[in-house]
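A short reminder: the numbers here are calculations on the coordinates, not readings from a lab. Note that the structure is a prediction, hence the values are computed from the model and not measured. Backbone-built Cβ (ideal geometry, glycine too); neighbour counts: all protein chains shown.
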Amino acid sequence: MEFRVVKNRLGGKFSRSMLLLTLILIFSSLLGACGGTGTTAKKADALWVGEVGDEYINNFNPYGAASGGPPSDMIYESLLFTNLANGTMNPWLATKYQFSDNNKQLVFTLHDNVKWNDGKPFTAQDVKFTFDSMQKYPGMDVSAIWKYLSSVEATNDQTVTLKFKSAYTPMLWYLGRLQILPAHIWSTVGDPTKYVDKNPVGTGPFKLKTFTPQLVKLAKNSSYWQAGKPAFGEIDYPIYKSNDTLVLQLISNKLDTAQVFVPNLERNYVQKDKENHHFWLAPNATLMFYPNNAKKPFNQVAVRQAISQALDRSKMSQIAENGYMQVAHPTALILPAAKDFLDPNYANLTFKSDAQQAKHTLEGAGYTLGKDGVYVGKDGTRLAFKIDVPNSYSDEILLCQVASQNLKAAGIDASVNTLSYTDWYNNKQNGQYDITIDSDGGGLTPFYYYNRTLNSQRSAPLGKSAQSNFTRWEDPHTDSLLNQYAATSDSAIQKQTMQGIEKIFVEQAPTIPLLDAPVWFEYNSSRFTGWPSKENPYVTAASPLQIILNVKPR
């Protein structure tokens, strides 16, 4: 735009100070008219977060079967904050926590200046009520805390003491992330899982402003216990019926952030506005093949190793996932978040696609190559099997097709078996499969993934539903390492036990890691700054509350 020095009505020039004032006013007018980059419909004090779904249900109950959606995260808070970017537990409503009595007692100390958004004080009685309700109403106890707890006491207004039946320190993560309820309201509602919470009362930085099935608006909680936060007055959550519709809104700058799959993010999002359109795909879960360790030939280490050696994971990422998923680590650790647990011996270990190495491994185990190009075991059985995958997962079907081609080159006949989601899920639970594809969301430390996947207590005989050890891995040494971790709060011992399981993963391949799936996270910096990124990974997109408390209007 061209600016000119203009004359006043008397024919003289403006003074320098008048010119400067005029330019400021012009710039202000232009910015007001343009709204930055096309966001004229939204005031700068409101942050817009896009969601995908049919519509919101007017129920903000964090423990209900049907809830109002993501806005409850800004209303109901937890004792601790889990930072999955670095694998740490941090104070939140609790200022600190302490294990004692050989890790059979846990004490939380609470902030003393916290209030519910109706003005009532937050105390230890609210924490006790929330935990006790999970014992009284088991349907609320989604983390099975009362499998381990024996009692919860409010020692005083700022202290909660929990006693365990036996030492189990990993329970800290589950306890710390539970959303706390106000006893003065919920104690009269009966079964909390059945309560329809239309007027949520929480300790969080926002409270409900307006609700419609298509748009939820939250207003700043002016009495929030963290002084100066949030830095803006409102969050708006529009909901769209499809990814495509949401993406169009995101591209046209009508949304500040979203967590949605966008094909070719660089071209379809970033290139539309290089200055303001950004994304960060932090690894959050491991996509893997589960071999059925309770069946032949998958109960043979050499077969599992050969399958893993034959796979071209880089090709899987490029063809099936647009390159957005990084190749997994052979230890199944989600890196870089779990880097502090990584055994230095495996720091430079990577997967390599090597069909010849896979053949060598099989031949070393007594397999011979048949006339049809497929290996045959000592019992005369061809090395042939099916890879189960849900028929609605188009990307994973492509990935499995790549795997099938890789395995064929190594003398293994693996066909892709597409199933309805229900059939795939039931087969996985009951062990009615050869190899199945699935992912696991990790946890605060590697223990949570290893425990879910490898603990024999979470397995079941073929034909019976397993709790989470779908691969049917049963190994006393693995169980011993998991139990050692759970019984201690010594971080050095915990790290040592996890590195023991890393060795099992590398040498025995109980499951076969493929790719690390990310948390999808797009954001627009034209109106708000302070977003987490690969360069500033203070949290991942799995922590929306902490992001909202860090971003600020421009």
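Odds and ends about this structure:
- Label point 7 Å beyond Cα of Q226 along Cβ direction - residues of region 88-132 with amide nitrogen under 11 Å: 91-93
- In this Cβ point-charge picture (+1 for Lys and Arg, -1 for Asp and Glu), region 395-551 has a dipole of about 260 debye about its Cα centre.
- Extension reserve of the D191-Q214 stretch, reckoned as 0.36 nm per residue once the Cα distance is removed: 5.5 nm
- Shown for T130, T368, T422: other C-beta atoms within 10 Å of each C-beta, ranked fewest to most, produce the order T422, T368, T130.
- The relative contact order of the chain, computed from alpha carbon pairs under 8 Å that lie at least 6 residues apart in sequence, is 18 percent.
- Per residue of the chain, the DSSP helices (runs of n ≥ 4 H) give a summed -39500 (n - 2.57) that works out to -8500 deg cm²/dmol at 222 nm.
- Cα centroid of region 509-547 to Cα centroid of region 266-317, whole Å: 17
- Spacing of the two label points (7 Å from each Cα toward its C-beta) at N430 and K274, in nm: 5.6
- Gain in span if fully extended, A347 to D479, counting 0.36 nm per residue against the direct Cα distance: 45.1 nm
- Annotation for region 265-341: GluC sites (Glu not before Pro) lying in DSSP loop with at most 12 further Cβ atoms inside 10 Å of their Cβ are E275.
- Label point of D354 set 7 angstrom out along Cα-Cβ; within region 481-509, amide nitrogens under 17 Å from it belong to 506-509.
- With Cα atoms, 0 to 90° folded angle of helix 124-136 axis to the chain main axis: 40
- Our estimate of slack between D112 and S100, defined as 0.36 nm per intervening residue step minus the Cα-Cα distance, is 2.0 nm.
- In units of the rule-of-thumb radius 2.2 N^0.38 Å, region 76-194 shows an alpha carbon radius of gyration of 1.01.
- Label positions at N90 and S242, each projected 7 Å from the Cα along the C-beta direction, are separated by 3.9 nm.
- Tail weight of P(r) past 26 Å, computed on alpha-carbon pairs of region 377-519, percent: 33
- Taking only alpha carbon atoms, the chain gives an Rg to Rh ratio of 1.04, where Rh is the Kirkwood radius.
- Near the amide H of L311, within less than 5 Å, lie the amide hydrogens of D354, all on another chain or at least 5 residues away, with H placed in the peptide plane.
- Which of Y97, V539, L398, positive extreme of dipole for the chain (C-beta unit charges): V539
- In order along region 235-249, the Karplus-derived 3J(HN,Hα) couplings, from 6.51 cos²θ - 1.76 cosθ + 1.60 at θ = phi - 60°, round to 10, 10, 10, x, 10, 10, 7, 8, 4, 4, 5, 4, 4, 4, 5 Hz, and Gly and Pro are given as x.
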